[in-house]
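Report on the following structure.
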Amino acid sequence: MFRSLHMKLVMIMLLLIISLMIVVGVFLTNSVVKFYMDSFYQQMQTVFSDEEFYGDLKNKATMDDGIEQIQTMMEGNAGALGINSRTRNYFILDGTTGEFLAGSDPEQGETLEITPNILTALAGNEGYKSDMTASYMDVAMPISGGEHSYIIYILDNRQTMRSLNSELFFIILEALVIGLIISVLLSFLLSKTMTTPIEQLTEAAEGVAGGDFSRKIQVEAKDEIGILAGTFNHMADVLRDTLNAVENERNKLNTLFLHMTDGVVAFSRGGQMIHSNPAATKMLGMRLDEQTYYDDVFHSVVPLQDVLGLQKSEYTKGEMYVGRRSLELLIAPFFGESQAEGGVLVVIYDVTAQRRTEEMRKEFVANVSHELRTPLTNVRSYAETLLDASDLPPDMRENFLSVILSETDRMTHIVQDLLTLSRIDYGKSELDKTYFVFSDAIQAVYQANYMEAKRHHHTLHMTLPGDLPEVFADQNRLEQVMTNVLSNAIKYTPDGGEILISAGQDENQVWMEVSDNGIGIPDEDKDRIFDRFYRVDKARSRESGGTGLGLSIAKEIMLQHGGDIQLRDHVPQGLSVRILLPIEGTKEDGIKNE
Ligand code: ADP
């Protein structure tokens, strides 16, 4: 860049100087030629228009020794005519033939050529015609006196003019060389003043291209380069602000993208993945990188070509399953500046929980209907039998009536459980919290169920630490939970089993655990054991009067207390259920706080 600009300036300067010198040289040379010719013809005119001199010449021509006389006169006027043997000579020619008769340089006279002016004089006229292009200047004057006629011919070989011109040529050449040296130096300096700011501009532009906006170009000059530098600085500022704004937006979007719970995956028009967020990777359960193509993942939902065929504001929806996850997809094309840009955006919603809730709701309604229908059918059929058969023996009649009663109890039980759950669900079930010693509740539940355990020949152990603290809870509800867990252990352990009640304190919570060596729960059912109406063995549960709502009510009550109920998985056989309750200070603390 520097070199080429520098060279250009040097070349311009050189061409300028050379052309200037050529113009000056030609002009000067022409001026010299013109000046010499003008002064030659003026001089000749002055001499020959002098009537006395010209008349005298004509008189001399009449004489017999006219030639000598004329020669003497010409010698006498040699000074006025500028005659000198080196450059200018005079010749006397025969007026009719043009033959050389006498002159200042007889040798040259013998070889004279007949010029247009001599021809004019031979015709009897004055030959004054000048010719810029000729290598000589001449004047031919006819003189006739009596029978004689002569021509006075003055010939200048332009030697003086030539030597002056060659001198001028050397002067111009010298000026040219000096001019060239000066122009090279000047162009160097000039180019330096021009290229330095341009170099700075280039450097700053490279900096800006590399993302460095801090560099400012300092150009004091108010010329075009100064204005350009100012504009560049302004442009760099605007660019930096714009880039900062874009970067900010991008950071915001990236953070949003990174932390949003919905999955987002973008593909190019060719189907290659260009962007994805962690949620998408998690939901799809696969690694997403540049090697991932749209059709590998979503082809079965909507083929890429179909999405690309959509208009700007259109989108399509789909659903897919990955393992146990239900995913809802929103697929839309996006467009760039050109046809090649743009692609397809897939937004993934995890609707597993939603679907599960819907399923659970349907299942719940089906379960409720089913649970109520069975006892209702029994009641109806026994009541019909009693009505139809009036002659039934009294003990059978009594038996039928007791079945009707127990089925009604069962329905009441289910309805009560459902009401409890619904009250908890709608937040209408207020806890009646009091301070009581945790182990008192356990003791009470133990006592209440002792006989039932005995009836099944179970061995019921209880190990309680003596220092269990007071808790602040709804004692009835808590005992209801404990009873449910203990009665489950009694129910689902074959007769003659071992049941252990234990309790303890961990930091800020107390716990009670009931472990049995009964039938236990298969691993695949453990997740759902607290779901409403969920029973591992429906027949067995119903047989023992179970509704499948006990543990779900227990879970809700414990959550209401800020505690929990969990299955323990350290048991090799049977089941171990633990309830946990936070300790919220003692009665004394409560009184103090009041
Ligand atoms: P149910 O009224 O049927 O007992 P629960 O909600 O109390 O309902 O219990 C749900 C299911 O969990 C029961 O039907 C039973 O299959 C299982 N279950 C509960 N406790 C035990 C246990 N100690 N051993 C084996 N299975 C149990």
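Ignoring lysines fewer than eight residues from K526 along the same chain, the ones with Cα atoms less than 17 angstrom from its Cα are K538, K555. Summary of the geometry: region 247-283 and region 96-150, compared by the centres of their Cα atoms, lie 109 Å apart.
Grab the eigenvalues of the alpha-carbon gyration tensor for region 306-430, scale each by 5, take roots, and send me the semi-axes largest first in whole angstrom.
61, 17, 9
Ranked by the mean number of other Cβ atoms within 10 Å of their residues, highest first, the peptides 366-372, 387-393, 319-325 come out as 366-372, 319-325, 387-393.
A DSSP coil position with no more than 11 other Cβ atoms inside 10 Å describes the following GluC sites (Glu not before Pro) in region 439-545: E507.
Full extension of the chain between A175 and T242 yields a length gain of 18.3 nm, computed as 0.36 nm times the residue separation minus the alpha carbon distance. If R0 is taken as 60 Å, the Cβ-Cβ distance between I22 and D105 corresponds to a FRET efficiency of 0.95. Helices in the chain, meaning DSSP H runs of at least 4 residues, each add -39500 (n - 2.57). Divided by all residues, the mean residue ellipticity at 222 nm is -18000 deg cm²/dmol.
Peptide packing for 238-246, 9-17 was compared via the average number of neighbouring C-beta atoms within 10 Å per residue; ordered from the highest value, the list is 9-17, 238-246.
P(r) tail for region 260-350: Cα pairs beyond 15 Å make up 55% of the total. Loop-located trypsin sites (Lys or Arg not before Pro) across region 385-489 with a Cβ neighbour count of 12 or fewer within 10 Å are K428, with loop assigned by DSSP. A straight Cα-to-Cα reach below 17 Å connects K8 with the lysines K192, residues fewer than 8 places away in its own chain not being considered.
Which entries in the list K282/K317; K282/K312; K362/K491; K362/K433; K34/K129; K34/K58 go over 23 Å, if you measure between the two C-alpha atoms of each? Walk me through the intermediate numbers first.
Numbers: K282/K317 20 Å; K282/K312 29 Å; K362/K491 29 Å; K362/K433 35 Å; K34/K129 14 Å; K34/K58 31 Å.
Pairs exceeding the cut-off: K282/K312; K362/K491; K362/K433; K34/K58.
The alpha carbons of region 356-425 give a radius of gyration and a Dmax of 16.2, 53 Å, in that order.
Provide the percentage of antiparallel DSSP beta bridges, counting only those with both residues in region 434-593; round to the nearest 5.
Details: 24 of 29 bridges.
Percentage antiparallel, nearest 5: 85.
The order of I414, I181, I565, going from fewest to most other C-beta atoms within 10 Å of their C-beta, is I181, I414, I565.
Given the Cα-Cα distance of D395 and T357 and 0.36 nm per residue of separation, how much length would full extension add, in nm? Display every interim value, and only then the final one.
Numbers: separation 38, 0.36 × 38 = 13.68 nm, distance 4.83 nm.
Once the chain is fully extended between D395 and T357, it gains 8.9 nm.
Of the three principal axes defined by the Cα atoms of the chain, the extents in descending order read 205, 63, 42 Å.
Arranged from fewest to most other beta-carbon atoms within 10 Å of their beta carbon, M286, M44 become M286, M44.
In region 218-297, what GluC sites (Glu not before Pro) fall in a loop by DSSP, with at most 10 other Cβ atoms inside 10 Å?
E220, E290
When each of Y426, Y54, Y153 is scored by the number of other beta-carbon atoms lying within 10 Å, the sequence from fewest to most is Y426, Y54, Y153. Projecting the Cα atoms of N517, L464, A503 onto the charge dipole of region 434-593 (Cβ charges, centred on the Cα centre) puts N517 farthest toward the positive pole.
Report the percentage of all Cα-Cα pairs in region 1-72 whose separation exceeds 15 Å, rounded to a whole percent. Write down the numbers at each step before the final one.
Values: 1890 of 2556 pairs.
Within region 1-72, distances greater than 15 Å cover 74 percent of Cα pairs.
Roughly what angle does helix 438-455 make with the longest principal axis of the chain, taking Cα atoms, 0 to 90 degrees, to the nearest 10? Roughly 60 degrees between the two axes.
Values quoted throughout were computed directly from the atomic coordinates according to the rules given, and no laboratory measurement underlies them. Treat the numbers as computed from the prediction; the structure is a model and nothing was measured. Heads up, the Cβs are rebuilt from the backbone with ideal geometry, glycines too, and the neighbour counts pull from every protein chain shown.
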